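Input: a single structure, listed below in structure tokens.
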Amino acid sequence: MNIPIAKPFLGKEEADAAHKTILSGWVTQGPKVAEFEENFAEYVGSKYAIAVSNCTTALHLSLIVAGVSEGDEVICPSMSYIASANSITYVGATPIFAEVNQDYNLDIESVKSKISSKTKAILIVHQMGMPADIDSFKRLSQKHNIQIIEDAACAIGSEYKGQMIGSHSDLVCFSFHPRKVITTGDGGMISTSNKKFKDRLKRLRKHAMSVSDYERHNSKEILFEDHLEIGYNYRMTDIQASVGIEQLKKLDFILNRRREIAKIYIDGLKEISCIILPKDKNGFKTNYQSFSIFLKKSSPIKRNELMKILSSKGIASRRGIMNAHLETAYKQKKIKLPVSENYYKNSIIIPLYSSLKNDQIYYIINEIKKLLIT
Ligand SMILES: *Cc1c(COP(=O)(O)O)cnc(C)c1O
């Protein structure tokens, strides 16, 4: 056995679509990007979607349109991929790290305790695809008149109170990195139902040009562009978008299979008393972008040892979600977040992807049981 941690679900459909786009002669920020955006917005249930180069740039632009800048503070979890904190640093603001709860998502009491006169936004992360409690953060942000931004990098297809992530607030950022649920190689998307945000986001991703290349190309008149503010090159290519269009068609299948695999894992592993498994709460439906296992103190072996032995059996695993405040880039701040640190140090992520076979899943379950049931 040689089981990787993840595998993108790409096939002939994506290859053919990319091939056609390449031969069409229009390869970036053109008709395929527009079509992908339209399909994406329809899927998640927002009015608009804006494609960008990745989720980190989606977060960067979202913070800009939310009006976050130099000297401001944005509350976010430390327990997240470092891109969440970095995007805040890019605009000159300070990430204020709050604690997480048992779902590895922001703890609202911890967030409340960190709100100050400088707080401009709360960046909530749907960690590993598990929805955060959006409504309670919305109420809190309305009370303090601050913006909510959702880092939904991992959460395409996850649902909160019966609706897709992407439909609940006005700046929701997704990733199409191969480690996420669908992929365009690299790629990102912002969903919004706010027209002002949409217009500015579309501008900022292409150096704030007043007229797009596509509009200019299709115009009978000669159009001259102006650059209305300082923007960025955060475009998505049409080659990526044509892959994304095909991936979106497969998303329901991918989600079903992921949830099926998670169920087999949960049924197979639940008799192990020294671990905590992910669990859907009422009204919260995850896509299982990652399947994480937390090792309690009673575990007969430590996390790193478990990873080492699994690796020797051909099973890849990863450490739990990192804590940005423990990474060298943010360490100088000397912050202590005991809950986040405990989850990070004592959890592992095991393989979960749609082409994982049932016999591989049972093999993984049995190997873990051998190590953790004594
Ligand atoms: C992957 C990830 C990102 C970054 O996404 P990219 O598309 O690679 O830039 C941001 N936030 C979280 C929570 C992620 O998991």
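The values are calculated or read from the model by the stated rules, or taken from the named source; none is laboratory data. Nothing here was measured: the structure is a model prediction, and the numbers come from that model. Note that we place each Cβ from the backbone using ideal geometry, even for glycine, and neighbour counts take in every protein chain shown.
Among the residues of segment 294-317, are any within 15 Å of Met128 (Cβ to Cβ), more than 16 Å from the ligand (Cβ to nearest atom) and touching a residue at least 40 places away in the same chain (Cβ under 8 Å)?
Among the residues of segment 294-317, at least one is within 15 Å of Met128 (Cβ to Cβ), more than 16 Å from the ligand (Cβ to nearest atom) and touching a residue at least 40 places away in the same chain (Cβ under 8 Å), which makes the answer yes.
Only one of the numbered conditions (1) surrounded by fewer than 16 Cβ atoms within 10 Å (Cβ to Cβ); (2) aliphatic (A, V, I, L, M); (3) in contact with a Ser or Thr (Cβ under 9 Å, 6 or more places away or on another chain) is not met by Ile230, and that is (3).
Once segment 68-86 is narrowed to residues that are over 15 Å from the mean Cα position of the chain (by Cα) and of a type outside the set (Val, Ile, Thr), the residue that is nearest to His126 (Cα to Cα) is Glu73.
Taking the listed residues Lys308, Lys297, the one that is in a loop (DSSP other than H, G, I, E, B), closer than 30 Å to Asn366 by Cα, charged (D, E, K, R) and at pLDDT 95 or above is Lys297, with no other qualifying. Of the set (1) more than 15 Å from the ligand (Cβ to nearest atom); (2) charged (D, E, K, R); (3) closer than 24 Å to Lys279 by Cβ, all apply to Glu150 but (1). In the set (1) closer than 25 Å to Ile182 by Cβ; (2) in contact with a Pro (Cβ under 7 Å, 6 or more places away or on another chain), Lys32 fails one condition alone, (2).
Pick from Leu23, Leu59: which is aliphatic (A, V, I, L, M), within 16 Å of the ligand (Cβ to nearest atom) and not in a loop (DSSP other than H, G, I, E, B)? Going through Leu23, Leu59 in turn, the sole match is Leu59.
Residues in segment 104-121 that are in contact with a His (Cβ under 9 Å, 6 or more places away or on another chain) and either within 15 Å of the ligand (Cβ to nearest atom) or more than 16 Å from Arg139 (Cβ to Cβ) (or both): Asn105 alone. Identify the residue in segment 79-103 that is within 12 Å of the ligand (Cβ to nearest atom) and assigned to a loop (DSSP other than H, G, I, E, B) and, among all such residues, is surrounded by the most Cβ atoms within 10 Å (Cβ to Cβ). The qualifying residue surrounded by the most Cβ atoms within 10 Å (Cβ to Cβ) is Ser80. Look at segment 5-22: where a residue is under 30 Å from Ile321 (Cβ atoms) and a partner is among the β-branched types (Val, Ile, Thr), sitting 6+ places away or on another chain with Cβ atoms under 8 Å, you get Ile5/Ile349; Ile5/Ile350; Pro8/Thr183; Phe9/Ile182; Phe9/Ile254; Leu10/Thr183; Leu10/Val243; Glu14/Val243.
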